[in-house]
Amino acid sequence: MAESNLFLEEKIKNKDAVIGVIGLGYVGLPLVKTFLKVGFKVIGFDVDPKKVSLLNRSRSYIKHVTGKDLKPFIAKKKFRATADFKALSEADAILICVPTPLDAHRNPDLSYVMNTTEAIAGCLRKGQLIVLESTTYPGTTEEEMLPLLEVKGLKVGKDFYLAYSPERENPGDEVFTTSGIPKVVGGVTSACRNVAKALYDQIVVRTVPVSSPRVAEATKLLENIFRSVNIAMVNEMKMIFERMDIDVWEVIRAASTKPFGYMPFYPGPGYGGHCIPVDPFYLTWKAKEVDYTTKFIELAGEINTLMPYFVVSKTVEALNEQRKSIKGAKILILGIAYKKDVDDQRESPALKIISLLQEKGGKISYNDPYVPESKGHRDYPGLSLRSIPLNTGMLKRFDAVIIATDHSVYDFDWIVKNSSLVIDTRNAVKKKRKNVIKA
Ligand SMILES: NC(=O)c1ccc[n+]([C@@H]2O[C@H](COP(=O)([O-])OP(=O)(O)OC[C@H]3O[C@@H](n4cnc5c(N)ncnc54)[C@H](O)[C@@H]3O)[C@@H](O)[C@H]2O)c1
């Protein structure tokens, strides 16, 4: 038993191990790049043939991994992408980065993880390490994946290794890139944990072993619930202080001078992305098994979901002050991505704001330098828009401009100077201006 475990560890340390990454999206692709950079051969797997084809032609579809990053590795045959899952048997370590969304009833949709596990089980061989990186509820690795992987008689910890290691990728973050963020690892057995730790030791500053996959799964959820709850708390503060005519941003700046016991979170138009609005509800679902209702998670969800409505109501009020009706008003949304400097519009609060304004009769356009087109959203089937170019003449034609996302490339002074009304949801405009309303 120890032998095959040590053999794989040795292969990893010598960088002779082949890495398979399943799911080449916002998490999987940066992981591919990180393994390539330290010298491993990597095979990328995805069910989307368009993505596979683009990657093999050294073209990328996400902003922070470029085709240029991949090109030299493709030329040296160190990287290839494929939709043929039989090639999984070539990989010594298989890392799973597939989506874990909520279904229409807001319950965990593990179908992507289970389909992937079945594909791996079909060609699992002795000596392979499998690691789930997708965010999920405690128990997924051992209760859902393990039985499928052992179905053909191979034994975990002896014939193959299984672990959970949550991804902490923060897209667009130039300070904390994949290799600079410590990684938590929980193995089904100690041999599983040791092999997984040996693997991540090759690419990240620090690997943090924990006693089980369940602890690692719970760790990721705690991190994201912590964010969701604190964002909701500060959003509530924003609404209270606004009634008291107190600038919440000034309060946060002042509170942040306390050197202990406080860390700043910032209000906004609502939360977005594939993680914070979704992941906490994985625990809500699982907690029912132990007869527990997750009150903090629900309350945070409720407040954060309210924020786009708050922005819309501030916009309606501001237009009213100018003797204008929302019906027929021309409104420009700046930034449709869910946060600054990224191209990801999943769960973006800007989408909700657009749809609420459209329901009220507003004529909506948007600009986002990173998102040329916005359509095909499950929750907003009627929404179909293209980003329009920004210029002085067009800004003047809008009744209101809503700063939904404060991309660094925007010149906010110029925007304010050329717009009749600006609704600023991100504190992007630092100076007090008559035509700027904070929301
Ligand atoms: N985006 C983030 O910032 C972030 C951060 C930390 C953790 N996560 C977690 O990482 C996981 C992946 O998120 P993402 O943002 O990279 O998603 P994504 O949608 O960007 O990428 C997932 C990829 O998996 C592919 N895919 C779907 N089913 C597949 C299958 N059966 N086999 C192979 N490929 C398949 C899709 O085509 C897509 O390319 C999720 O669990 C998410 O919660 C995301």
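Tabulated data
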read-out: Equivalent-ellipsoid semi-axes of region 53-207, from the Cα gyration tensor, Å, largest first; value: 25, 19, 18
read-out: Kirkwood hydrodynamic radius over Cα pairs of region 240-279, then Stokes diffusion coefficient at 4 °C and 1.567 mPa s, in µm²/s; value: 106 µm²/s
read-out: Within region 27-124: Cβ-based charge dipole about Cα centre, in debye rounded to nearest 20 (Lys, Arg +1; Asp, Glu -1); value: 800 debye
read-out: Ratio Rg/Rh, restricted to the chain and using Cα atoms, in which Rh is the Kirkwood radius; value: 1.01
read-out: Neighbourhood net charge (11 Å Cβ-Cβ; Lys/Arg +1, Asp/Glu -1) for Arg378; value: -2
read-out: Region 61-101: translational diffusion in µm²/s, Stokes-Einstein, Kirkwood Rh over Cα pairs, 4 °C, 1.567 mPa s; value: 103 µm²/s
read-out: Net dipole in debye of region 311-439 [+1 Lys, Arg Cβ; -1 Asp, Glu Cβ; about Cα centre; nearest 20]; value: 560 debye
read-out: Selected from Ile326, Ser211, Leu306, residue furthest toward positive end of dipole (region 202-355; charges at beta carbon); value: Ile326
read-out: Estimated dipole of region 306-349 in Debye, rounded to 20 [Cβ of Lys and Arg +1, of Asp and Glu -1, Cα centre]; value: 280 debye
read-out: Pairs beyond 25 Å (Cα-Cα), from Lys51/Lys76; Lys86/Lys183; Lys51/Lys183; value: Lys86/Lys183; Lys51/Lys183
read-out: Diffusion constant of region 311-422 at 20 °C, which comes from Stokes-Einstein with the Kirkwood Cα-pair radius and 1.002 mPa s, µm²/s; value: 153 µm²/s
read-out: Cα-based Lys pair tally, region 267-393, threshold under 21 Å, eight or more apart or on separate chains; value: 26
read-out: In nm, spacing of pseudo-spin labels at Asn14 and Lys375 (7 Å Cα→C-beta vector); value: 5.4 nm
read-out: Rounded percent of accessible protein surface that carbon and sulfur make up, the chain, 1.4 Å probe; value: 55 percent
read-out: Kirkwood hydrodynamic radius of region 347-401, from inverse mean 1/r over distinct Cα pairs, in Å; value: 12.1 Å
read-out: Residues of region 1-59: accessible area per residue with a 1.4 Å probe, Å²; value: 45 Å²
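The values are calculated or read from the model by the stated rules, or taken from the named source; none is laboratory data. Small disclaimer: the values here were computed from a predicted structure and weren't measured. Because the Cβ atoms are built from the backbone with ideal geometry, glycine has one as well, and the counts that use them run over all protein chains shown. We work out accessible area using only protein heavy atoms, side chains counted, and drop any ligands, DNA or RNA first. Shrake-Rupley method; radii C 1.70, N 1.55, O 1.52, S 1.80 Å.
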